[in-house]
Amino acid sequence: MTYRLGIDVGGTNTDAVILDINDRVVSKSKRPTSEDVSSGIREAVEAVLDESAIDPHSIVHSMLGTTHATNAIVERRGLSKVGVIRLCAPSGLGIPPFLEWPKDIIPHLGRHFQLVKGGYEYNGVPISLPDRDEIRSALETLHEEQIQALAVSCVFSPVNNDHELLVREIAEEIFGKGFPVSLSSEIGSIGILERENATILNAAILKIASSAYGSFQNVLRAHGVTANLFITQNDGTLMSVDYARLYPVFTIASGPTNSLRGAAFLSGLTDAIVVDVGGTTTDVGILKNGFPRESSTAVEIGGVRTNFRMPDLISIGLGGGSLVYTDGEEVQVGPESVGYRITKDALVFGGKTRTATDIAVAAGMADLGDPGRIKDLERGLVDKASSRIREMVEVVIDRMKTTSEDMPVITVGGGSILLPDRLKGASEVIKPENLEVANAIGAAISQISGSIDGVFDVAAKGRDAVIAEVKEAALGEAIKAGADAQTVEIVDLEEIPLAYLPSNAVRFRVKAVGKLKKG
Amino acid sequence: MDESRGRAMRFLKIDDIDQLAIGAAVLGSGGGGDPYLGRLMAKEAMIEKGDVRLIDVDEVPDEELVIPSAMMGAPAVMLEKLPNGNEPQAAFKAVESFFGKKAFATMSIEAGGINSCIPVYTAARLGLPLVDVDGMGRAFPEIPMVTFSLGGVKASPMVCCDEKGNKVILETINNAWIETLSRTVTVAMGLSSMIGLYVMDGKTLKKYGVRGTISLAIEIGRRILSANRQKESPVDSILELTKGYSLFEGKVTDVQRDLTTGFVRGNALFEGIDRYRGTGFRLDFQNENLVGLLDGKPCAMVPDLITVLDRETGSPITTEHLRYGQRVVIIGMPCAPIWRSEAGLKQVGPRYFKYDIDYEPIETLMERRRV
């Protein structure tokens, strides 16, 4: 028998699960997330290994979802000094990099940038040709400014990245091999400022992410788990740890993605609303074809605008630890919360704070702690608080929907006990088994992807032949990355005609996804 | 004669830009798009060149030249190939040599989107004052839909400039040719250009401009942002300022869009909440909001302004961002009086947009609703 290990490092808890070859949960654990992250992982992994009593060597894949990179950006911690080269002149000089960035992050990154000739028009014609000497001297200036990582952006580099590659080649001569360089064409899509911002953030967290992933791998090895480590990314697929070291910014939204994917797996549904109730907040997202619906607007990370597509979520201040208080006749729940102190502070656990969890126990929806401690709670208060909680969730469910039709609602997360079995707008409310470790399960069942992004001449070969060719190439990439050839399929094909070009050039972005090869 | 004597000088500062962008979106009546790039350009120019002087229309001498400025092109390209910074200078030089006269000031064509902030950018770059005026008092989908057209002002001569320093002056026989030729030039420039058009003198501007649009937009934006900080609703305060009306409160239940015509045509349906429970609202749009119907009866129509605001924050929601489940307040505001003239309604009234209804001012419709 072979197994898979899934780990999710959340803000409050680190969860781990072991799944067998048939995706059944063999063991699960939940431990507090530690300051250094690694020891929380160690404890959660020790617990699942002990409980399952399996041979660690029979774990063939381990998958980790972590918001380590996001936290580094949000908390301005361990960031590297970044130098920026933008190939754009004569365009772009009017809007330099770092404009409208939060003031408190600038001292951590410095504000080092050089704008040089290069870049393309929308149709691939160069705006101007890059000048090696100019690039060399710009890089030397950044070298003197003692930058620790380099971010390179270029106008329309998603259409053609030759100019960015040239900078990487010259940077190697000046900074030496192994110096961290991030290219915007490898990070994002059209919209130079957002793409450049994401590239700068990626460069800034390369060092801290690399060392964190290294230590996570060591924790696993120390427990005899020698399987290759994969890191989960924003779109719900996996990166090898070596790849994640180069593109840590792709993990920033992996937390909610894992929760949504876990909910899909546990419920067996592909189209549903997912309500993830934690200790302090409730996140509501929506599943379409088994994957999270993505937001249409620009997403900020730590106050920096990027064009990443993230799961479309609405968060409200409601969780198991939310305070319940009266305001005249009204009863309010949250947004203040006792958070991780719930197991000490809530009334049912012998504490002195009236929380949403106490209300759920009093209403007979959950069997937790000592119900004797809440027998004095007024019936009227319990009823009002219960309906308040239900209404809060129902309003968000309605806001997430795209039509007025009822949809299935899946609840996950430890705070699911707060929710009744019926909700307005829900065709049914599903509380699946193992819902408290949905994120770790989401990580464990992640698939692996391969993608192709390039400009092709459809006039010469014909559109159908080119599409067949790029599909084949994407499938090949996924298989090369470790996907099972039997399960790979094309999940995304974007065709972007580069108008006004006589050659009929079309940009194709194709993504193939498959299950990890077993064993 | 010094017409500015006795008047306190007023300057736009960097902090005014966010307010201007939000307030202009309220006046934009659902149109104009994302002001992000315009906001950034204005701020960057002000960091480099300093504050921008805002002047009243009456401070522009009759014979002096005002050049409105704007950007034209594909939004996706404008967000990729950013400006050089010298385009306004090149554009204005070209127009000035055409007329043999220096520009006295610049101004906005419309409220809403990127082009509410571009004139601030131009003013800062060139050290010119910005006139507190525009040509719509709102946003409209087509170039000729400006109040200046009512005064016979032509879009031609128009200038297009790119980031490389190329500039083209178009002198055409009518506004339709301006549209055709400026599109061709903009494509050749890489789908983005800085433009100047509807050049006019102070005398014409005084007669046909929509006065006070910039300061009104800034004040609306200021009220929204400050109400957000206090966690209060800015709606009543906006209505008081704009002499507007609350038309409806409800939830979006359906949005339909048709992109085939090159415009975003469609409609949104709303279901009433609180005091509007049991009623329904329908909002028709073509880029901008055109007609609002409460239970099937028109309660506001173009050229009066109809804007959808987020019920909690009061932030304007443009037509492309309307979606199911949003809780909103729909407000209506009277348009600039000049649009209510016969010529004005012929150009932008409901019949122009293929509605078989006669224009009725929002004040009349609201009075009838009250009875």
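Each value in this text was obtained by applying a stated rule to the coordinates, not by laboratory testing. Small disclaimer: the values here were computed from a predicted structure and weren't measured. Note: ideal-geometry Cβ built from the backbone for every residue, glycine included; neighbour counts use all protein chains shown.
Data overview
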{"quantity": "Sites residue A:179 and residue A:394, calculated FRET efficiency, Cβ-Cβ separation with R0 56 Å, nearest 0.05", "calculated": "0.60"}
{"quantity": "Inter-chain shielding of B:81-90 (mean C-beta neighbours from other protein chains, 10 Å cut-off)", "calculated": "5"}
{"quantity": "Selected from A:363, A:346, A:393, residue furthest toward positive end of dipole (the range A:268-435; charges at beta carbon)", "calculated": "A:346"}
{"quantity": "Dmax and Rg, reported as Rg then Dmax, of the range A:272-327 (C-alpha, Å)", "calculated": "14.1, 43"}
{"quantity": "Contact order relative to length of the range B:1-108, as percent, for alpha carbon pairs under 8 angstrom and 6 or more apart", "calculated": "33 percent"}
{"quantity": "Within 10 Å of each Cβ in A:86-97, the average number of Cβ atoms from other chains", "calculated": "6"}
{"quantity": "Size of chain A as Cα extents on the principal axes (Å, biggest first)", "calculated": "79, 51, 50"}
{"quantity": "Kirkwood Rh (inverse of mean 1/r, distinct Cα pairs), the range A:325-386, angstrom", "calculated": "11.7 Å"}
{"quantity": "Translational D in µm²/s for the range B:242-370 (Stokes-Einstein at 4 °C, 1.567 mPa s, Kirkwood Rh from C-alpha pairs)", "calculated": "88 µm²/s"}
{"quantity": "Label-to-label distance, nm, for residues given as residue B:277 and residue A:143 (7 Å Cα→Cβ offset)", "calculated": "7.3 nm"}
{"quantity": "Percent of Cα pairs exceeding the 25 Å cut-off, where the set is the range A:368-484", "calculated": "57 percent"}
{"quantity": "Distribution of pairwise C-alpha distances over the range A:68-133, 10 Å bins, in %", "calculated": "19, 38, 26, 18, 0"}
{"quantity": "Convex hull of the range A:257-373 built on C-alpha atoms - directionally averaged projected area, nm²", "calculated": "9.6 nm²"}
{"quantity": "Value in Å of the Kirkwood radius, where the range B:185-242 supplies the Cα pairs that are averaged", "calculated": "14.9 Å"}
{"quantity": "Distance from the range B:314-347 to the range A:102-161 (C-alpha centre basis), Å", "calculated": "42 Å"}
{"quantity": "Per residue convex hull volume, Cα atoms of the range A:82-201, in Å³", "calculated": "91 Å³"}
{"quantity": "Cα-based equivalent ellipsoid of the range A:447-514: semi-axis lengths in Å, sorted from largest, via gyration tensor", "calculated": "25, 10, 8"}
{"quantity": "Cβ neighbours within 10 Å from other chains - mean over B:33-40", "calculated": "2"}
{"quantity": "Hydrodynamic radius (Kirkwood) for chain B, which is based on Cα pairs only, to one decimal in Å", "calculated": "20.9 Å"}
{"quantity": "The range B:206-263: trypsin sites (Lys or Arg not before Pro) falling in loop per DSSP and having at most 10 other Cβ within 10 Å", "calculated": "B:231, B:243"}
{"quantity": "Förster radius 45 Å - calculated FRET efficiency between residue A:493 and residue B:351, Cβ distance, rounded to 0.05", "calculated": "0.50"}
{"quantity": "Stokes-Einstein D (µm²/s) once Rh is taken as the Kirkwood radius of the protein assembly as shown over alpha-carbon pairs, at 25 °C in 0.890 mPa s", "calculated": "82 µm²/s"}
{"quantity": "Cα→Cβ-extended label distance, 7 Å offset, between residue A:325 and residue A:352, nm", "calculated": "1.5 nm"}
{"quantity": "Only Lys, Arg (+1) and Asp, Glu (-1) charged, at Cβ; chain B dipole about Cα centre in debye", "calculated": "200 debye"}
{"quantity": "Student exercise, the range B:243-371 dipole from Lys, Arg, Asp, Glu Cβ charges, in Debye to nearest 20", "calculated": "120 debye"}
{"quantity": "Alpha carbon convex hull of the range B:193-287, volume per residue in cubic angstrom", "calculated": "188 Å³"}
{"quantity": "Cβ crowding within 10 Å averaged over residues, with A:149-155, A:483-489, B:154-160 ranked highest first", "calculated": "A:149-155, B:154-160, A:483-489"}
{"quantity": "For chain A: relative contact order, % (alpha-carbon pairs under 8 angstrom, 6 or more apart)", "calculated": "14 percent"}
{"quantity": "At R0 = 30 Å, FRET efficiency that the Cβ-Cβ distance of residue A:315 and residue A:289 yields, to 0.05", "calculated": "0.80"}
{"quantity": "Most positive-pole-ward Cα, B:269, B:329, B:238, against dipole of the range B:236-361 from beta carbon charges", "calculated": "B:269"}
{"quantity": "Spin-label model distance (nm) - residue A:379 vs residue B:366, 7 Å beyond Cα toward Cβ", "calculated": "4.9 nm"}
{"quantity": "Dipole of the range B:141-256, positive end: most advanced residue of B:149, B:216, B:172 [Cβ charges, Cα centre]", "calculated": "B:216"}
{"quantity": "Theoretical ellipticity at 222 nm over the protein assembly as shown - DSSP helices of four or more residues, -39500 (n - 2.57) apiece, nearest 500", "calculated": "-9500 deg cm²/dmol"}
{"quantity": "Gyration tensor (Cα) of the range A:181-260, equivalent ellipsoid semi-axes in angstrom", "calculated": "25, 15, 9"}
{"quantity": "For the protein assembly as shown, size of Cβ-based charge dipole, Lys and Arg +1, Asp and Glu -1, in debye", "calculated": "360 debye"}
{"quantity": "Loop trypsin sites (Lys or Arg not before Pro), the range B:1-75, which have at most 12 other Cβ atoms in a 10 Å radius of their Cβ (DSSP)", "calculated": "B:5, B:7, B:13"}
{"quantity": "Percentage relative contact order, chain B, counting C-alpha pairs under 8 Å, at least six apart", "calculated": "19 percent"}
